[in-house]
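The values are calculated or read from the model by the stated rules, or taken from the named source; none is laboratory data. Predicted, not measured: the structure shown is a model, and the values here were computed from it. FYI the Cβ positions are ideal-geometry reconstructions off the backbone, even for glycines, and counts take in every protein chain you see. These accessible areas exclude ligands, DNA and RNA; they are computed on the full protein's heavy atoms, side chains included. Shrake-Rupley method; radii C 1.70, N 1.55, O 1.52, S 1.80 Å.
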Amino acid sequence: MISTTLSSEIMTDTMQRFSNSLHVDEPLKSFSQLVSNTEPSSCSSTSRWREHLAMILSNQSDRYDPNCNYVLSLANTLASEGMVHASHFTSLMAGSKLTSVLDKTSPIALLGLDHTKDIQ
């Protein structure tokens, strides 16, 4: 708390050191990484994704608005692990729009369907 009254560099350094002391699965680690303007390491992990998504979404600020990018990064990780429903929900929370099934680069075309794979 004291570091918030000092310069932003000191606060960032303090939060990064605090974050490094936490286990990667801790939602508090996501919070401390957000405050120190770094992408939460949870964006590359699918364990406890719900808690990390909630932490990112509930701590949005003008100071660190790349939260949408962090949420999309988490959605991409979930999609790469085959967690289609989780990926679609996360993409919707980031503000992604439903697009044409023909657009293979879009995160969502049909809810619950992985449109990037050919249907046989």
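Here the simple spin-label model places points 7 Å from the Cα toward Cβ, and for Ser106 and Gln16 these points are separated by 3.9 nm. Rolling a 1.4 Å probe across the protein heavy atoms gives the chain an accessible surface of 60 Å² per residue. Each of the peptides 95-108, 25-38 was scored by the mean count of other Cβ atoms within 10 Å over its residues; in descending order, highest first, they stand as 25-38, 95-108. Using only Cα atoms, tell me the angle between helix 49-58 and the longest principal axis of the chain; keep it within 0 to 90° and round to the nearest 10. Its long axis makes an angle of about 60 degrees. If the segment from Ala54 to Asn37 were pulled out straight at 0.36 nm per residue, it would be longer than the present Cα-Cα gap by 4.4 nm. Here the chain has 57 percent of its accessible surface on carbon and sulfur atoms, given a 1.4 Å probe and all protein chains in place.
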